[in-house]
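Accompanying notes for the structure given below.
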Amino acid sequence: MKAALTLRDQVDRLLGKYIALDQTADDLIDAYVSDVALKCPGIPPGVVRQCEFEIHARGYSRSLALERLRQKLESA
């Protein structure tokens, strides 16, 4: 019979999932920023990322940034 997961085990498992999702979100946003940056020669990708996402996320929230990405992709 399997032992029930401890609270610490549950936190560790959830944290691992969050880290993986966080990285995937960054990868998607970076891919979009790379595409936009190609259309904006001379503007560093970091500036494009800030203008496209961070000013809309009030601080920086990946979930808000992903919502913004979805909006931009829907309107493209």
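Numbers at a glance
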{"item": "Pairs with Cβ under 8 Å, 6+ apart, first in the range 43-55 and within 18 Å of Leu28 (Cβ to Cβ) and touching a residue at least 40 places away in the same chain (Cβ under 8 Å), second in a loop (DSSP other than H, G, I, E, B) and of a type outside the set (Lys, Arg)", "result": "none"}
{"item": "Output for the range 12-47, where each listed residue is among the β-branched types (Val, Ile, Thr) and more than 20 Å from Arg62 (Cα to Cα)", "result": "Ile43"}
{"item": "Hits in the range 4-20 (condition: at pLDDT 90 or above and either touching a helix residue (DSSP H, G or I) at 6+ places or on another chain (Cβ under 8 Å) or under 19 Å from Leu66 (Cα atoms) (or both))", "result": "Lys17, Ala20"}
{"item": "Selected residue (criterion: modelled with the lowest pLDDT) from residues of the range 27-49 that are over 15 Å from Leu73 (Cβ atoms) and surrounded by 14 or more Cβ atoms within 10 Å (Cβ to Cβ)", "result": "Arg49"}
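The values are calculated or read from the model by the stated rules, or taken from the named source; none is laboratory data. These numbers come from a predicted model, not from an experiment. Because the Cβ atoms are built from the backbone with ideal geometry, glycine has one as well, and the counts that use them run over all protein chains shown.
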